1. For the range 65-115: of the residues being without any contact (Cβ under 8 Å) to a residue 40 or more places away in the chain, assigned to a helix (DSSP H, G or I) and hydroxyl-bearing (Ser, Thr, Tyr), which is farthest from residue 3 (Cα to Cα)?
2. Could we say that residue 19 is more than 31 Å from the chain's Cα centre (by Cα) and outside any strand (DSSP E or B) here?
3. Mind listing just one residue for me: the one in the range 22-64 that is in a loop (DSSP other than H, G, I, E, B) and among the hydroxyl-bearing types (Ser, Thr, Tyr) and, of those, least open to solvent (accessible area, probe 1.4 Å)?
4. Given the options 6, 112, 48, 14, name the one that is out of contact with any Leu (no Cβ under 6 Å at 6 or more places or on another chain) and under 30 Å from residue 146 (Cα atoms).
5. Quick one: how many residues across the range 67-83 are open to solvent by 100 Å² or more (accessible area, probe 1.4 Å), within 17 Å of the chain's Cα centre (by Cα) and not polar (S, T, N, Q)?
6. Of all residues in the range 22-47, which are within 17 Å of residue 3 (Cβ to Cβ) and in contact with a strand residue (DSSP E or B) (Cβ under 8 Å, 6 or more places away or on another chain)?
7. Considering only the range 3-36, state which residues are touching a helix residue (DSSP H, G or I) at 6+ places or on another chain (Cβ under 7 Å) and either at pLDDT 80 or above or not basic (Lys, Arg) (or both).
Amino acid sequence: MWPKAHLDATAREHRYLLADRRVTIAYGGAKKLLSCGQITRLDPTAGHQTQILMTGGGEDPAAIADLMFSRWSQENFFRYMRAHYGLDALATSEDDMGRKVPYPARRAAGRHLGGARCSLARSEATEGQASIGGRPPDREILDAFAGAH
């Protein structure tokens with residue numbers, strides 16, 4: 001076990017307590033053997049050991065450990081984003097440029113137009129009621145009708 005330091009891509013130094021050795025794993029009913037490297041990292045604060053198995057050899061153990069632990073950091077980030085910010089709800093497909101997208105100002109204009117149509121219908125109904133009675137509509141009703149139009 002020895003202390004090892006590694007500079008990552010952002011020039012931050014990471015220090016690890018690492019042990020590196022070759023191990024042989026038997027499989028297929030102990031008829032076949034797989035030779036691989038094992039890097040063991042000791043966390044001195046928790047006393048926890050983490051083993052990393054690799055099929056290659058000759059790489060810097062500190063660089064391998066840094067890649068592995070930075071990967072876990074990314075996985076924890078995405079797990080957090082999934083749980084708290086709905087990361088899975090984001091679209092993963094290409095945007096369809098032919099799709100119809102609502103225009104926000106049109107909604108307000110539609111409400112205004114709906115109010116105007118309602119006012120026009122009331123004015124027409126009032127003018128019609130006045131005409132049915134056999135008398136011509138007065139000036140107030142005609143002005144309201146013209147304003148609504």
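1. 85
2. no
3. Restricting to residues being in a loop (DSSP other than H, G, I, E, B) and among the hydroxyl-bearing types (Ser, Thr, Tyr), the top hit is 55.
4. Details: 6 fails: under 30 Å from residue 146 (Cα atoms); 48 fails: under 30 Å from residue 146 (Cα atoms); 14 fails: under 30 Å from residue 146 (Cα atoms).
Going through 6, 112, 48, 14 in turn, just one is out of contact with any Leu (no Cβ under 6 Å at 6 or more places or on another chain) and under 30 Å from residue 146 (Cα atoms): 112.
5. Within the range 67-83, residues that are open to solvent by 100 Å² or more (accessible area, probe 1.4 Å), within 17 Å of the chain's Cα centre (by Cα) and not polar (S, T, N, Q) number 4.
6. 39, 40, 41, 42, 43, 44
7. Of everything in the range 3-36, those that are touching a helix residue (DSSP H, G or I) at 6+ places or on another chain (Cβ under 7 Å) and either at pLDDT 80 or above or not basic (Lys, Arg) (or both) turn out to be 5, 6, 8, 14, 16, 18, 20.
For (1) among the aromatic types (Phe, Trp, Tyr); (2) at pLDDT 80 or above; (3) surrounded by fewer than 11 Cβ atoms within 10 Å (Cβ to Cβ), each residue gets a yes or a no:
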{"site": "85", "(1), (2), (3)": "yes, yes, yes"}
{"site": "97", "(1), (2), (3)": "no, no, yes"}
{"site": "103", "(1), (2), (3)": "yes, yes, yes"}
{"site": "113", "(1), (2), (3)": "no, yes, no"}
{"site": "126", "(1), (2), (3)": "no, no, no"}
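The values are calculated or read from the model by the stated rules, or taken from the named source; none is laboratory data. Everything numeric here is computed off the predicted structure, so don't read it as measured data. Cβ coordinates were reconstructed from backbone atoms using ideal geometry, including for glycine residues, and neighbour counts include every protein chain displayed. Quick note on the areas: whole protein, heavy atoms, side chains included, nothing else; ligands and nucleic acids left out. Shrake-Rupley method; radii C 1.70, N 1.55, O 1.52, S 1.80 Å.
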